[in-house]
Amino acid sequence: MSGIVLGIGLLLVVAIIIAIFRVSTLIGIAKQEGKEGVGKSNKVNAVLLVLFLIGSLTLLFWYSIANFDSYDVPLASEHGAVTDQLFWTTMTVTGIVFLITQALLLVFPFIYRYKKTNQALFYPDNNKLELIWTLVPAVVLTLLIFTGWKAWVDIMDKAPDDSEQIEIMGYQFAWAVRYGGADGELGGSDFRLIDLDNRMGVDFADRKAHDDFIPTEIHVPKGKNVEFKIRATDVIHSVYAPHFRLQMNAVPGLPTSFWFVPTKSTADMREETGDDSFNYELVCNKICGRGHFAMRYIIVVDEPDDYTKWYNSQQAWLKLNPDYMSKVPEELREVAAISAGIDGTTD
Amino acid sequence: MSTTQIHVEAEVHHDDHDHHQSFVQKYIFSEDHKVIAKQFLITGIFWAIIGGGMSIIFRLQLGFPEINLGFLEPILGGWLTPSGKLDSEFYLALVTMHGTIMVFFVLTAGLSGTFSNFLIPLQIGARDMASGFMNMLSYWFFFLSSVIMFVSIFIESGPASGGWTIYPPLSALPEAMSGSGLGMTLWLVSMVFFIASTLLGGINYITTVINMRTEGMSFSRLPLTIWAFFITAVLGLLSFPVLVSAALLLIFDRSFGTSFYLSDIYIAGEALPNIGGSPILFQHLFWFLGHPEVYIVILPALGITSEIISTNSRKPIFGYKAMIGSILGIAVLSFVVWAHHMFITGMNPFLGSIFMFLTLIIAIPSAVKVFNYLTTLWRGNIVLTPAMLFSIGLVSYFISGGLTGLFMGNSAIDIMIHDTYFIVAHFHIVMGAAAFFGMVAGVYHWYPKMFGRMMNAKLGYLHFWISFIGIYLVFFPLHYIGMAGFPRRYYSFTAFDAFSGFTDLNMLVSIAAIVTFGAQFIFVFNFFYSMWRGKRAPENPWRSNTLEWTTPVEPGHGNWPGEIPTVHRWPYDYSKPGAKEDFIPQNIPFSDTPESNLDHEK
């Protein structure tokens, strides 16, 4: 039934289009249009361009102001304050240029619309004008670049030595996260050691790996330097956390990193947004296959004390998976058991 | 020089008895640049409908996540789940094919292929392209490439789905997604033929412009359209071969066990033996083409608008030399900005700094172009033909989309908005919509020369207004969605709390997309119906100066029945003070216009 209605509707539309075509062609011939003149449509279109300008700018301003909160992501990192500042400076500069140029572009066709008696101004060039609008954008751009460049260099600089190091690994279609454990240092890993349980390919021949723990959420301390050490094991993923203005690709074979200072704990943010169930989310932002749209991981920002408490309460992965003791070289097993917090000796 | 003259004389002679071509020679394996241009145009329109239609399907998914797409089963078949939902991998396939089709098949082949072929000989005063045979090959390689790409849509494992940028390892490993199997192989094969076609075309365009200009047509008298096509062809010639090399290495990685792009991979339950490759290498090679490619798409459109805006403002284009300079500037700079697509890919941040500086410099010639367009309109006597409206629309998009480029080009800001809907909004406006408007403007403007009839202007206005407003309604809201951090290429946003908003806005975008897409059929109708029912065109309907309007209404093989006209002046003598008419075509000598000659022209 709906198919028939749709069919009739389509036929009607086609009929109308043919009618417009035929009628306007006939009228055009009757009026001798195209010989010398320009018909009424010229003025109609010119007026419409101006109306479009007014209407769209009204809509633009209204929406941008009324819905500011829906597109402004609350900020929760130190460097994010700098990049947000840059964003809005750029917005102001480009906004002014946008308004002026669009207004001129859409109003000129109305002011200077065709009149038979008018003659256009023969004005082929003016070197001074050309020079001005080459140099002015050049200067403005230079200023924007320099501020952006300084911010970029700071953000991408080597992480401070006291940073909390957290390893994040992307794979189809989830994240895995590893902390250094009691010694605070991440042990080695190798993709050839990966299996269904040891998803991160942790190398237990490395002493630093024995106390590493792999939690189900990311915890980071508020106000401290945090460094994400990022890698991937199958295809490219991207570690993206909008609230922290943080993004870095996870590339198989090329370890990357990103360091930042979280400024608001999850609790702070819950208060600020008035949303009791608020959570910081880690998002995959590089196309990686079927499950790309659902690679979610929660980031919890704790007060430093809570973070230490949480950190100390975590159990080493080796302790939770004692089968992997067999991967530890014979001579290291005793030490491994101690650093993994396993009571008594196994074997 | 002497060879050119002999060639021209031979052509003149040959022209007199040349009316016995068979149907196949005339319309299929034609060596006539005008027919080849139409072949490119019609193939481009076909692909635009396919590519646009794909975007409608995924916009339905994004705007109406709950929708039952069961009514699309005749087209999509097994790609729908039993409950009428789109398969999430097929969603990625749609996005990938939409991008590939639009960038390469519509806006490169459809735009350059059509207008470079059609206008270069007509506007420089040549009988045809330097090599008609190569020109024919260029189309048929494109056709072959199109057939392969089209077939890949229908295979069981689906077409390529790793995004139009086909980053490995995703595109290299069939285990990673089903589209990386046969679909990806076909994509690569198709692109190799496509590049062969582009190179054959480009060599021809360059050779023709350099060697076959008519007497008096110096480079400083070339219409800006030709300058744009010429430089575009040079860009293509230098950058497309790099894509071949990238594709070739990818083919080796996929089929012959090499490790150019692969390293440290564990997938589908086993560790792969590949060691030492770099996925970043592919990105460098890809964007070395990919960035010039966006200028390959936009420069011809800007060339077309320069011509249309000048003609319909009845004014010379302002700053002709500056316009040429900015085309050259953009062309040179376009080769040294590619890594701004890779700020956060793990590339050395120091490289990021360098590319940020280079990138923002390229904004300057673009800004110069906009200011020159505005000054051309200023104190003009503006005739708003459909072509003129579309050109004004193009400039509007070029401004809107160009300005947002300053956000992404700044690497510090890019951290937040990289790969979000902000970039989707940016490139769809500045390159997609703008280049598309340039193409449509060109069709409206040169249709009388192509088919000897006029397109209906009223339908043109209707088409313009729905498209102009519609495209802004589709892409402008995406800026907000991008600022909110919504990632692109997401099948659904339900998995994240942060992306629970904007359902209304997404719905609006989808509705606007459907209406805009529907409006394109007004154009398609106008295009085909006017071939038979359009009003017959006069010789010079827009009262334009360039040489193509000195040919007969329907130019035959060889373009000019008699001698090729000689050129005496630049193409922008509109509204010259003292002149009898408000235009003086390029073939009118100064001796005929003593009343309007400037001092240096006497």
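The values are calculated or read from the model by the stated rules, or taken from the named source; none is laboratory data. Just so it is clear, the structure is predicted and the values come from calculations on it, not from any experiment. In this analysis, Cβ positions are derived from the backbone assuming ideal geometry, glycine residues included, and neighbour counts consider all displayed protein chains.
Couple of notes before you dig in:
- Index of the failed condition, A:Thr147 passing every other in (1) hydroxyl-bearing (Ser, Thr, Tyr); (2) at the interface with chain B (Cβ under 7 Å from one of its Cβ atoms); (3) in contact (Cβ under 8 Å) with a residue 60 or more places away in the chain; (4) surrounded by fewer than 18 Cβ atoms within 10 Å (Cβ to Cβ): (2)
- Qualifying residues in segment A:293-305 (those that are assigned to a helix (DSSP H, G or I) and free of Cβ contacts under 8 Å to residues at least 24 places away in the same chain) - the one surrounded by the most Cβ atoms within 10 Å (Cβ to Cβ): A:Phe293
- Among residues of segment A:313-347 being more than 24 Å from A:Arg199 (Cβ to Cβ) and not hydrophobic (A, V, I, L, M, F, W, C), the one that is surrounded by the fewest Cβ atoms within 10 Å (Cβ to Cβ) is A:Gly344.
- Residue within segment B:305-321 that is away from chain A (no Cβ under 14 Å), touching a helix residue (DSSP H, G or I) at 6+ places or on another chain (Cβ under 8 Å) and buried (at least 22 other Cβ atoms within 10 Å of the Cβ) present: yes
- Members of segment B:473-483 that are touching a residue at least 40 places away in the same chain (Cβ under 8 Å) and at the interface with another protein chain (Cβ under 7 Å from one of its Cβ atoms): B:Met483
- Taken together, the criteria place A:Ala176 among residues that are more than 8 Å from every other protein chain (Cβ to nearest Cβ), surrounded by 13 or more Cβ atoms within 10 Å (Cβ to Cβ) and out of contact with any Phe, Trp or Tyr (no Cβ under 8 Å at 6 or more places or on another chain).
- Pairs where the first residue, in segment A:152-171, is assigned to a strand (DSSP E or B) and the second is among the polar types (S, T, N, Q), C-beta under 6 Å, 6+ apart: A:Tyr171/A:Thr233
- Looking only at segment A:221-242, and only at residues there that are of a type outside the set (A, V, I, L, M, F, W, C) and surrounded by 23 or more Cβ atoms within 10 Å (Cβ to Cβ), the one that is nearest to A:His292 (Cα to Cα): A:His237
- Among the residues of segment A:115-141, those that are surrounded by fewer than 13 Cβ atoms within 10 Å (Cβ to Cβ) and part of a helix (DSSP H, G or I) comprise A:Asn127, A:Lys128, A:Leu131, A:Ile132, A:Leu135, A:Val139.
- Residue within segment B:121-136 that is in a helix (DSSP H, G or I) and within 16 Å of B:Gly183 (Cβ to Cβ) present: no
- The condition of being surrounded by fewer than 21 Cβ atoms within 10 Å (Cβ to Cβ) and within 9 Å of chain A (Cβ to nearest Cβ) holds for only one of B:Ile324, B:Ile361, that being B:Ile361.
- Within segment B:272-320, being closer than 30 Å to B:Lys576 by Cβ and charged (D, E, K, R) holds for B:Glu307, B:Arg314, B:Lys315.
- Among the residues of segment B:487-524, those that are at the interface with another protein chain (Cβ under 9 Å from one of its Cβ atoms), assigned to a loop (DSSP other than H, G, I, E, B) and of a type outside the set (Lys, Arg) comprise B:Tyr490, B:Tyr491, B:Ser492, B:Phe493, B:Thr494, B:Ala495, B:Phe496, B:Asp497, B:Ala498, B:Phe499, B:Gly501, B:Phe502.
- Screening B:Ala434, B:Ala412, B:Ala513, B:Ala484 for residues that are within 23 Å of B:Gly163 (Cβ to Cβ) and surrounded by 24 or more Cβ atoms within 10 Å (Cβ to Cβ) leaves exactly one candidate, B:Ala434.
- Where helices (runs of 4 or more DSSP H) fall entirely within segment A:1-79, those with at least 3 residues that are modelled with pLDDT under 85, farther than 30 Å from A:Tyr280 by Cα and out of contact with any helix residue (DSSP H, G or I) (no Cβ under 9 Å at 6 or more places or on another chain) are at A:2-31.
- Restricting the first member to segment A:110-127 and to residues that are facing another protein chain (nearest Cβ under 7 Å), and the second to residues that are buried (at least 16 other Cβ atoms within 10 Å of the Cβ) and part of a helix (DSSP H, G or I), the beta-carbon pairs closer than 6 Å and six or more apart or on different chains are A:Arg113/A:Asn42; A:Arg113/A:Ala46; A:Tyr114/A:Asn42.
- Single match in B:Leu80, B:Leu107, B:Leu69, B:Leu76 (criterion: surrounded by 22 or more Cβ atoms within 10 Å (Cβ to Cβ), away from chain A (no Cβ under 14 Å) and either closer than 22 Å to B:Ile423 by Cβ or modelled with pLDDT under 95 (or both)): B:Leu107
- Which numbered condition A:Asn285 fails, given (1) free of Cβ contacts under 8 Å to residues at least 40 places away in the same chain; (2) within 7 Å of chain B (Cβ to nearest Cβ): (1)
- Here the condition is being under 16 Å from the mean Cα position of the chain (by Cα), touching a residue at least 12 places away in the same chain (Cβ under 8 Å) and part of a helix (DSSP H, G or I); of B:Ala93, B:Ala109, it holds for B:Ala109 alone.
- Only residues that are within 22 Å of the chain's Cα centre (by Cα) and small (Gly, Ala, Ser) were counted in segment B:163-186, giving 1.
- If you go through segment B:251-268 and keep only what is within 14 Å of chain A (Cβ to nearest Cβ) and hydrophobic (A, V, I, L, M, F, W, C), you end up with B:Phe260, B:Leu262, B:Ile265, B:Ile267, B:Ala268.
- Taking segment B:47-66 as the range and being of a type in the set (Phe, Trp, Tyr) and surrounded by fewer than 17 Cβ atoms within 10 Å (Cβ to Cβ) as the test, only B:Phe64 passes.
- Where a residue in segment B:591-602 is surrounded by 12 or more Cβ atoms within 10 Å (Cβ to Cβ) and its partner, wherever it lies, is aromatic (Phe, Trp, Tyr), with Cβ under 7 Å and at least six apart: B:Asn597/B:Phe590; B:Glu601/B:Phe590
- Hey, B:Ile429 at pLDDT 95 or above, in a helix (DSSP H, G or I) and touching a Phe, Trp or Tyr at 6+ places or on another chain (Cβ under 6 Å) or not: yes
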